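Step one of this worksheet: look at the structure below.
The values are calculated or read from the model by the stated rules, or taken from the named source; none is laboratory data. The structure presented is a predicted model; accordingly, all values stated were derived computationally and were not measured. With ideal geometry, Cβ positions are generated from the backbone for all residues, glycine too; neighbour counts draw on all protein chains shown. Keep in mind that these areas ignore ligands, DNA and RNA; they rest on the heavy atoms of the full protein, side chains included. Shrake-Rupley method; radii C 1.70, N 1.55, O 1.52, S 1.80 Å.
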Amino acid sequence: GTGKTVIAYILASRCRQKNRLAGSFFFSYRHANCRNARSLVFALAYQLGLSQPQAKEKIVEALDSDPAIISPSRDLREQFARLLIEPLEAVDWRSPARVFVIDAMDQCQDQVPELISLLTRLLSHMIDVGLHIFFTSRDDMKGVLIKRHLFPMISDTALDLTGVTKDIGLFLRQSFNKIHKRHRLQCPKPWPPEEVLGRLVDRVGPHFITGSIIVKFVESLDHDPTDRMDFIDHISFNPSSPSESSMDDFYKFIISTANDPGQAYLCLTIIANLAGTMSYSQLDDLVNRGPNQKFEMRSVLSRLSPLVGTSDGQDSAVQVCHESLCDFLSNPLRCGEQLISEAVVHRLLAYSSLSVMIEELPNDSALLAEIVTNVYALKDQCKTDSGALDYACTHWAYHLSLAVWDDDLRSIVTAFMRQKL
């Protein structure tokens, strides 16, 4: 939440303007096509081919000689070599230096050790010809320490937290001035007083996302901003605790304002563990399939708009505010007794997905081959045009692989096999 993605985006834009961008990729756990190592390879190869004719020839040659090179079943190292390293080696590199920009590597969901190893190999091959990789990440990627694996080929760039703190103070002041005007508050300006704003800045620290969440919480049109500001100002705060602790305090406080905090934690954890994007209506359609599964996501989460919501209306994808919320929800040391097991949530989503497919897919002995080789073709066979069915056909196996098994899940897997396969 310190603005790493903004920095990566600005750098990529400036490099593109100066014809120095070799390619860019922005990892995001919220988007199925942006959270795995294979997608990174394909995206960078595509961009490299667009900008470098010599590289394009090698990529086209690889695809013509072996079309299956892009298959998900192929080895990532082979794909990396054929689609990136060999094309890069074919380019007659001249100044200026080119840069690959990769953002949020810690959000890569698979093959993390392999990805780090391949990037190390890429750097060792190309650093002498002026090819550089700029990436943002937390150091810990699924238990793998990036610095340890890439040292001494990386230069670690730390943010100037003093400057960040000043920027956050400006952001909060401007935002609260707008809230004061929009709500036509009668209290004198500046609101809140400078001493209150100073305490908020100290608590937010370098985390822009925390400042953004506070603003969204205070600006709610359904509440008095002065009351909400008073609530925020009185949350207990230990200045010697880790910076993430302050963020967790805000998360816990906002979730506590829900009508049913326990149900809110469950709904948030469901959304955080989705393998793809869904609207509230599609999500309700998916999860309300099993016995004793009754959810009204929008109603449960209506008071938590700072943490979760839709950006483009009620039929657009529902998303959590930031990856740090997912970290909070999945960490027992941070979430505490309110923790909802991710394995239990995956069990719920696997059960729901299988239920949807049993109800809406036609009985067809050829379905197994379609599910394995072409899940998108299943939509043409279904009885209804269902976003829940699209999701279920695409992601049922993913949730099943991560689920905690119980008798109900075993029963519905057996029923699905018997009825559809």
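With contacts taken as Cα pairs under 8 Å and at least 6 residues apart, the range 174-278 reaches a relative contact order of 22 percent.
Counting protein heavy atoms only, the range 68-139 has 50 percent of its accessible area on carbon and sulfur, 1.4 angstrom probe.
For the ranges 60-71, 216-227, 278-289, what's the packing order if you count other beta-carbon atoms within 10 Å of each residue, average per peptide, and put the highest first?
Details: 60-71: 12.4, 216-227: 15.6, 278-289: 20.2.
Top to bottom by mean Cβ count within 10 Å: 278-289, 216-227, 60-71.
Averaging Cα coordinates gives a centre for the range 395-421 and one for the range 89-130; these two points are 39 Å apart.
What whole-number volume per residue, in cubic angstrom, does the convex hull of the C-alpha atoms of the range 246-295 give?
Details: hull volume 4.7 nm³, N = 50.
Taking the convex hull of the Cα positions in the range 246-295, it is 95 Å³ per residue.
In this structure the amide hydrogen of Val318, modeled in the peptide plane, comes within under 5 Å of the amide hydrogens of Met278, Ser279, Tyr280, none closer than 5 places in sequence on its chain. Shape descriptor for the range 159-201: Rg over Rh equals 1.05 (Cα atoms; Rh from the Kirkwood inverse mean 1/r). Taking amide H positions as modeled 1.01 Å from N, with prolines and chain starts lacking one, the residues under 5 Å from Ile133 and 5 or more places away or on another chain are Phe100.
What ranking do 264-272, 180-188 get when scored by the average of other Cβ atoms within 10 Å per residue, highest first? List each step's numbers first, then the result.
Working: 264-272: 22.3, 180-188: 11.8.
In decreasing order of mean packing, 264-272, 180-188 become 264-272, 180-188.
Our compactness index for the range 26-124, the C-alpha radius of gyration over the empirical 2.2 N^0.38 Å, is 1.06.
For Ala403, no residue whose modelled amide H falls within less than 5 Å of its own remains once neighbours fewer than 5 places apart on the same chain are excluded.
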